[in-house]
Amino acid sequence: MVDQRHGYLSASRVAAQIADRREVIRAALLHDVGKRHSGLNIIGRSLVTGLSKLGLGRLIGRKGGRADLYIRHGELAAEELSELGAEPLVVVFARSHHAARPLEIDASTWEILVASDH
Ligand SMILES: [Fe+2]
Ligand SMILES: [Fe+2]
């Protein structure tokens with residue numbers, strides 16, 4: 001429920017700025033769909049995010065475990081969205097929304113999408 005609400009609010013923020021660019025709205029709506037694979041609750045997510053940001057990823061757990069799946073949620077979302085035929089922008093934003101702007105997304109679109117994700 002938290003993830004759906006986050007996606008909806010992100011998409012709403014984008015739509016308020018650029019309602020005519022549906023693929024950008026979809027990118028905001030779907031960027032975190034990979035989070036559901038981890039099954040972590042809010043406390044687990046906060047712990048994993050904090051440790052990861054502190055560079056303590058080695059304490060998080062085994063590859064393929066819940067923490068690892070949470071950290072890789074963007075990559076997982078991108079794979080799923082690509083398989084389902086989503087537009088390149090939707091796939092690329094899902095994959096890169098916690099990283100630097102990829103060349104495939106122009107700076108103004110990136111700025112709108114990143115701002116919508118807070
Ligand atoms: Fe995310
Ligand atoms: Fe997000």
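Quick notes on this structure:
- Maximal additional length on extending the residue 103-residue 59 stretch stands at 12.6 nm, based on 0.36 nm per residue less the C-alpha distance.
- Selected from 25, 43, 60 as most flexible by GNM, with the chain as the system and alpha-carbon contacts under 10 Å: 43
- With kT/(6 pi eta Rh) evaluated at 20 °C and eta = 1.002 mPa s, and Rh the Kirkwood radius from Cα pairs, the chain diffuses with a coefficient of 147 µm²/s according to Stokes-Einstein.
- Using the average count of surrounding beta-carbon atoms within 10 Å as a protection proxy, the listed peptides 86-95, 7-16 rank, highest first, as 86-95, 7-16.
- Take every Cα pair under 8 Å whose residues are at least 6 apart in sequence, average their separation, divide by the length of the chain, and the relative contact order is 31 percent.
Where a number appears in this text, it was derived from the coordinates with a stated rule and is not lab data. Remember, predicted model here, so these are calculated numbers, not experimental data. Cβ atoms come from the backbone with ideal geometry, glycine included; neighbour counts cover every protein chain shown.
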